[in-house]
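Quick notes on the structure that follows.
The values are calculated or read from the model by the stated rules, or taken from the named source; none is laboratory data. Computed from a predicted model, the values in this text were never measured in an experiment. Every residue, glycine among them, receives a Cβ derived from its backbone with ideal geometry; neighbour counts consider all protein chains shown.
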Amino acid sequence: MKALIELSIGFARTGVTGYGGGPSTIPLIEYEAVKKYNWMTEEEFGQTLALANTLPGPIATKMAAYIGYKVKGNMGAVVAILAHIVPSLVGMLGLLGILYSYRNSPIVSGMVAGVTPIIGLMLMEMAYKFANKARKELGMPIMLAMTGLSLVVLQVLQLHPGILIGACLGGAFLLATIRNKHKTTGEDEYVQRKEESV
């Protein structure tokens, strides 16, 4: 029961404070899942985020579903999704008329302009963490090459990010399979030579 309450509180916070859509909500979800409640490690969060980007639908809802399921199974997934969606939905329905009436107000425009740099900073911090992790695991040359290639694919060719992430995951799986096969073959040859020498 405690886990479900924590899921409700954590994802209600991300739903209400996640101004600017899915990408701006990701740092908030990371804070709740990794730092506050320790539902997963930072590495696992990054892997989940990469996988969620390959699937259709809103990114924040997919993250809520996965984390909720990890914490408390099917019930956890349902609670996390509802906690993330319902508060902001109720708020939007209640404030829709007021927001529409004041959509051209300089006060509302100023509020939007004031929040935007904070969202940008949170996203930059997350991007730095992922880049640093990639540098440690892949090395600087490969990390820079993949970053450059990703920039070309996303900005110049304008392919969907899910296609790029899916291709990278497929490539990593293929590379890991080949390496594992070579490692197994090498170990088998070593055992065989050792048996022959005996």
Legend entry - Subset tally (residues that are over 12 Å from the mean Cα position of the chain (by Cα) and either closer than 22 Å to Lys72 by Cβ or at pLDDT 90 or above (or both)) for the stretch 16-30: 2
Legend entry - Where Ala12 falls short, out of the listed (1) of a type in the set (A, V, I, L, M, F, W, C); (2) in contact with a Ser or Thr (Cβ under 8 Å, 6 or more places away or on another chain); (3) within 16 Å of Pro87 (Cβ to Cβ): (2)
Inset, instruction - Looking only at the stretch 13-22, decide whether some residue is in contact with a His (Cβ under 7 Å, 6 or more places away or on another chain) and either in a helix (DSSP H, G or I) or among the β-branched types (Val, Ile, Thr) (or both). - result: yes
Inset, instruction - Select from the stretch 128-157 the residues that are surrounded by 12 or more Cβ atoms within 10 Å (Cβ to Cβ) and among the small types (Gly, Ala, Ser) and list them in ascending order. - result: Ala131, Ala134, Ala145, Ser150
Legend entry - Residue tally, condition of a type outside the set (Lys, Arg) and under 19 Å from the mean Cα position of the chain (by Cα), over the stretch 133-158: 8
Inset, instruction - Hey, can you tell me all the residues within the stretch 66-116 that are of a type in the set (A, V, I, L, M) and more than 24 Å from Leu49 (Cα to Cα)? - result: Val90, Met92, Leu93, Leu95, Leu96, Ile98, Leu99, Ile107, Val108, Met111, Val112, Ala113
Legend entry - Among residues of the stretch 110-132, those that are of a type in the set (Ser, Thr, Tyr) and over 15 Å from the mean Cα position of the chain (by Cα), counted: 1
Legend entry - Number of the condition not met by Glu44 [criteria: (1) surrounded by fewer than 18 Cβ atoms within 10 Å (Cβ to Cβ); (2) in contact (Cβ under 8 Å) with a residue 60 or more places away in the chain]: (2)
Legend entry - Failed item in (1) surrounded by 16 or more Cβ atoms within 10 Å (Cβ to Cβ); (2) under 18 Å from the mean Cα position of the chain (by Cα), with Lys72 passing the rest: (2)
Legend entry - Contacts under 7 angstrom Cβ, first residue in the stretch 105-124 being more than 24 Å from Ile29 (Cβ to Cβ), partner of a type in the set (Ser, Thr, Tyr), 6 or more apart: Val108/Tyr102
